Amino acid sequence: MPRCLIITNDFPPRRGGIETFVYELARRFPPGEVVVYTSDEAQARAFDSGLPFPVVRDRVRTLLPTPRVARNARAVARAYGCDRVWFGAAAPLGLLAGRLGLPSLVLSQYVEQSYAADLLHTGGGVGYLLKDRVGEVAEFVDALERVAAGGTVIDPEVVRRLLARRREPSPLDRLTERERQVLALMAEGRSNGAIARALVVSEAAVVKHVGSIFTKLDLHQTPDDHRRVLAVLTYLRGVRPGP
């Protein structure tokens, strides 16, 4: 029997709109087809004892996408024979979506563009839906089935936001491939000499690339600003844009 593993911090007896939403969807699954892995909460044992499906509580009050939580989630999935995962929110647990080895669907309250982009890069068997657009349980279960079969289910609004973000020009577009490599190594905190050794070029060549990077990113020398730091910040914003 196929079984869905729900991974969430938002579950009763904790109170809130998202908690109620996740609980109401979970209890509408057919008997024996859902398991919840969630954080601990006061009076959780009494609440869980009255549920028609198993709930596995972690010892912590907030689950984070750590290696320990990933191991525990995989163990729960194996123990209960789960073949698909539903994350109750994109941040932060949605970051586990590509690390559990199972088809994964993220149900989010709003568009987290960086999480959605990372999820798409994991390949097939993934989904990202907005909570407000899931009007019927049957729609949600159908999306889970398509994800479990290796398909990709992305909310149209998420697609629109991602495409709009891709159309936005970035200062990094002005850089050559070699300049991007130099800037990436700068972001790792490497000196010009270390960058030269990593790229097997002369230090003078690195200095030239760094100067070109400053010029193309419009980072002019001022008494107060460190251009190297500003260049790295521009790089980090470009490769990990916020929502």
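Here are Pro54, Pro92: which of them is over 25 Å from Asp132 (Cα atoms) and of a type outside the set (Lys, Arg)? Step through it out loud before you land on a result.
Values: Pro92 fails: over 25 Å from Asp132 (Cα atoms).
Checking each option against the conditions leaves just Pro54.
Look through Val56, Val22 and report the one residue that is β-branched (Val, Ile, Thr), touching a helix residue (DSSP H, G or I) at 6+ places or on another chain (Cβ under 6 Å) and within 22 Å of Leu105 (Cβ to Cβ).
Result: Val56 is the single residue among Val56, Val22 that is β-branched (Val, Ile, Thr), touching a helix residue (DSSP H, G or I) at 6+ places or on another chain (Cβ under 6 Å) and within 22 Å of Leu105 (Cβ to Cβ).
Name the helices (runs of 4 or more DSSP H) wholly inside segment 1-108 in which the number of residues that are over 27 Å from Asp155 (Cα atoms) is 2 or more.
Of the helices (runs of 4 or more DSSP H) lying wholly inside segment 1-108, those with at least 2 residues that are over 27 Å from Asp155 (Cα atoms) span 44-48, 67-80.
Of all residues in segment 1-41, count the ones that are closer than 20 Å to Gly125 by Cβ and surrounded by fewer than 17 Cβ atoms within 10 Å (Cβ to Cβ).
Residues flagged as closer than 20 Å to Gly125 by Cβ and surrounded by fewer than 17 Cβ atoms within 10 Å (Cβ to Cβ) within segment 1-41 amount to 3.
Going residue by residue through segment 42-54, is there one that turns out to be without any contact (Cβ under 8 Å) to a residue 60 or more places away in the chain, within 20 Å of the chain's Cα centre (by Cα) and surrounded by 13 or more Cβ atoms within 10 Å (Cβ to Cβ)?
no
Which one is nearest to Gly17 (Cα to Cα), of the residues in segment 114-161 that are of a type in the set (Lys, Arg) and modelled with pLDDT under 75?
Arg133
For Val229, are the conditions met, namely being closer than 22 Å to Arg174 by Cα, in a helix (DSSP H, G or I) and of a type outside the set (Gly, Ala, Ser)? Reasoning before the result, please.
Values: closer than 22 Å to Arg174 by Cα: yes; in a helix (DSSP H, G or I): yes; of a type outside the set (Gly, Ala, Ser): yes.
Yes; evaluated as a whole, the condition is true for this residue.
For Val207, indicate whether it is over 14 Å from Pro171 (Cα atoms), assigned to a helix (DSSP H, G or I) and modelled with pLDDT under 80. Give the derivation first.
Details: over 14 Å from Pro171 (Cα atoms): yes; assigned to a helix (DSSP H, G or I): yes; modelled with pLDDT under 80: no.
Taking the combined requirement at face value, the residue does not satisfy it.
When you look at Phe87, is it buried (at least 20 other Cβ atoms within 10 Å of the Cβ), touching a residue at least 12 places away in the same chain (Cβ under 8 Å) and in contact with a helix residue (DSSP H, G or I) (Cβ under 9 Å, 6 or more places away or on another chain), yes or no?
yes
The values are calculated or read from the model by the stated rules, or taken from the named source; none is laboratory data. Only a predicted model underlies this, so the values are computations on that prediction, with no experimental measurement involved. Neighbour counts are summed over all protein chains in view; Cβ atoms, including those assigned to glycine, are modelled from backbone coordinates with ideal geometry.
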